[in-house]
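Notes follow the structure.
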There are 2 protein chains.
Amino acid sequence: MKAVYYHGNRTISVGAAPSETPGAGEVRIRVGYAGICGTDLHIYHGHMDARVTFPQIMGHEMSGAIEDVGEGVEGLRPGDRVTVMPLHPCGECPACAAGHGHICHKLKFLGIETPGAFQTFWTVPAFTAFKIPDSLSLEHAALIEPLAVACHDVRIGEVKEGELAVVLGGGPIGALIAMAARENGARVLVSEINPYRLKLLESLGFLTVNPLERDVAELVNGLTGGAGADAVFEVTSSQAGAELMTKLPRTRGRIVVVGIFSKPAAVDLHRFFFRELKLFGARVYEREDFSRAIELAASGRLPLASLVTDILPLERLGDGFKKMESGGDAMKILLRCGE
Amino acid sequence: MKAVYYHGNRTISVGAAPSETPGAGEVRIRVGYAGICGTDLHIYHGHMDARVTFPQIMGHEMSGAIEDVGEGVEGLRPGDRVTVMPLHPCGECPACAAGHGHICHKLKFLGIETPGAFQTFWTVPAFTAFKIPDSLSLEHAALIEPLAVACHDVRIGEVKEGELAVVLGGGPIGALIAMAARENGARVLVSEINPYRLKLLESLGFLTVNPLERDVAELVNGLTGGAGADAVFEVTSSQAGAELMTKLPRTRGRIVVVGIFSKPAAVDLHRFFFRELKLFGARVYEREDFSRAIELAASGRLPLASLVTDILPLERLGDGFKKMESGGDAMKILLRCGE
């Protein structure tokens, strides 16, 4: 039983994990695979030190099997294969009262405000566990959490059959949004600057463009007879993305802000007026998005395998971070945890 | 038959108007009253010289009576009291094809791309004329165009019974949005810095706040048990408004951008993510908004009279501009035109 701990200041260590018996309403999961999220890298870089508790066990994208269940847990038993929707809403704030627990004013995110999945066993509230079908491998099931993000974004963006969706940023979330939008029947164009990712996305059948080499608005107008894109997903969190996102949509087109901007960005509000654009903020997912992600992942229709560029033992989380920092040939990196 | 002409560089003159016989599909209207819009002031200040044709007759908020109809005009006859929806869409662009003629890619706005209403007789396409009920005075009917803007904004903002709507900017459009939102059953708070307008809005029964004197977000949280506003209307076109608009809405609350921003504004996109906010651009109106505005104006329920602070003869347009520039005790200024 081991875990990787974050101590602040880009310092991590492998150590023994505390032995926990699940409390009432909890389940203990033997973690199969855990994906490294950009948020984990963000924590490692010290940007979220105010939210974590040292030493912090990170990780929230995972798959595994129930090892043990606490008192009062129904519908889950040892051996069940599961993934976790890592949200713990307060249940009492105005957002929870309005039925929006995923944007709870006091939301606890498992793996940030609580210990995470980068360990052998992970103990979580039973209501966060979702059973997965036997047909779904644990490797692919570790992608369900980011795929649920994508399903939420595409749902918020109201992507429909025959539409053109443009995804700004072709990392793991952007790629999964592209897949989910295509599942809704849309043509998808992904704008990305990393050549490795561009090539990978192209090989998956998506239209691609490097915005440093080509005028994306011109391309989109060409693809749509001058009308513009139906939906645009901003997944870069960059000023360049904030500028490009308003140039692409058609009249009454939709923009979904997926990227997490660390500071205000200059936005062309005139364009919102002029074309009656709509912008929707999207945050994590709701239960229906998790269910949809499980269904999609289990369908076998999504090329999930091609997104997993590396599988490392838990102890090598540091190498995973290095590869992500390099901006090179990586998409999703998984850790083997529960061995 | 006279008109006021704009010659560029803040120069206007009163002169003879061309004698026009309405062409096929056109109507000639004897103008009763014409409101001075912020857009007219904007033209006068030289900011729209690329769109107008010198010498330009401005004006697009008006009421009047049909004087004469051209060939093929049906449903309108001399003597009919009317107002005009001053939009001439191309009918062929992608926006028109999608049924969004009011945001046509090549929209001609009457009074900007064509001669306007600041004259004795105004000749316009018959399809732009809307009949008004006898019970509605021509003074109030001149407010229908800006009221239609407000109806459009409130419709786009999906304001519902029992909600809290916050209007940033309490000029004529902001005041009309406040009235239209209240008609939908909302409580309305208006944020404004002009003391005259604050007092007027308060006298009309609206909650008011001066953002220079009080923390608006704190006030809104106090009014909503910490939840936030359901809908926020940004009508200031200012950086301060762009900042405030994201601080006020509840989770999944709506922001409507009504103000016309001349340059990009710094916008807190993180807040869109964090609260899953929605932002809708709104531009002018559609036919249903005009119909709704006529219905509301004719109902007598709106305190329209209190918005008309001045009625000047057509020749005194320059004095109207001066009063608007002063930022003082003015709300809507009307010109008497067709005498």
Quiz prompt | Surface per residue (accessible, 1.4 Å probe) for the range A:147-281, Å² | solution = 35
Quiz prompt | Kirkwood-type radius of chain A, with distances r between different C-alpha atoms, in Å | solution = 20.5
Quiz item: Per-residue mean of other chain beta-carbon atoms within 10 angstrom of the beta-carbon, peptide B:238-244?
Solution: 1
Practice problem: Kindly provide the trypsin sites (Lys or Arg not before Pro) of the range B:237-339 that DSSP labels as loop, not H, G, I, E or B, and whose Cβ sees at most 15 other Cβ atoms within 10 Å. | Solution: B:ARG301
Quiz item: In the structure displayed, which of B:LYS106/B:LYS131; A:LYS278/B:LYS247; A:LYS106/A:LYS278; A:LYS199/A:LYS332; B:LYS199/B:LYS278 lie more than 20 Å apart, Cα to Cα?
Solution: B:LYS106/B:LYS131; A:LYS106/A:LYS278; B:LYS199/B:LYS278
Quiz item: Roughly how many Å is it from the Cα centre of the range A:61-127 to that of the range A:227-280, as a whole number?
Solution: 33
Quiz item: What does the convex hull of the Cα atoms of the range B:147-281 come to per residue, in Å³, rounded to a whole number?
Solution: 96
Quiz prompt | At most 13 other Cβ within 10 Å, DSSP loop - trypsin sites (Lys or Arg not before Pro), the range B:41-111 | solution = B:ARG51, B:LYS106
Exercise. Give the nm distances, rounded to one decimal, from B:SER291 to the matching residue in every other copy, measuring between label points 7 Å along Cα toward the beta carbon; shortest first.
Key: 3.9
Quiz prompt | Shielding score for B:223-232, defined as the mean number of other chain Cβ atoms within 10 Å | solution = 2
Quiz item: Mind checking the mean number of beta-carbon atoms from other chains within 10 Å of the Cβ atoms in A:279-285?
Solution: 6
Practice problem: Percent of Cα-Cα pairs per 10 Å bin, from 0 to the last occupied bin, for the range A:238-339, please list those. | Solution: 12, 25, 33, 23, 7, 1
Quiz item: How many nanometers, to one decimal and shortest first, lie between the label point of B:ALA16 and those of its other copies, if labels sit 7 Å from Cα toward Cβ?
Solution: 10.5
Quiz item: Nearest 100 Å², what total accessible surface is buried between chain A and chain B (probe 1.4 Å)?
Solution: 3400
Quiz item: Nm distances between the label at B:GLU243 and the same-position labels in the remaining copies, 7 Å along Cα→Cβ, shortest first?
Solution: 2.3
Practice problem: Take every Cα-Cα distance within the protein assembly as shown, group them into 10 Å bins from 0 onward, and report for each bin the whole-number percent of pairs it holds. | Solution: 3, 14, 22, 21, 16, 11, 7, 4, 1, 0
Practice problem: Using only Cα atoms, tell me the angle between helix B:172-183 and the longest principal axis of chain B; keep it within 0 to 90° and round to the nearest 10. | Solution: 70
Exercise. Identify, among A:PHE273, A:VAL166, A:VAL154, the residue whose Cα sits farthest towards the positive end of the charge dipole of the range A:147-281, taking +1 on the Cβ of Lys and Arg and -1 on the Cβ of Asp and Glu, with the dipole about the Cα centre.
Key: A:PHE273
Practice problem: Leaving ligands, DNA and RNA out of it, report the carbon-plus-sulfur percent of the accessible area of chain A at a 1.4 Å probe. | Solution: 50
Quiz item: Across the Cα atoms of the range B:36-111, what radius of gyration and what greatest pairwise Cα-Cα distance (Dmax) are found, in Å?
Solution: 15.1, 39
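The values are calculated or read from the model by the stated rules, or taken from the named source; none is laboratory data. It should be emphasised that the depicted structure is a prediction, and the values quoted were computed from it without experimental measurement. Here Cβ is always computed from backbone atoms with ideal geometry, including for glycine, and neighbour counts include all displayed protein chains. Just the protein is used for accessible areas: all its heavy atoms, side chains included, with ligands, DNA and RNA removed. Shrake-Rupley method; radii C 1.70, N 1.55, O 1.52, S 1.80 Å.
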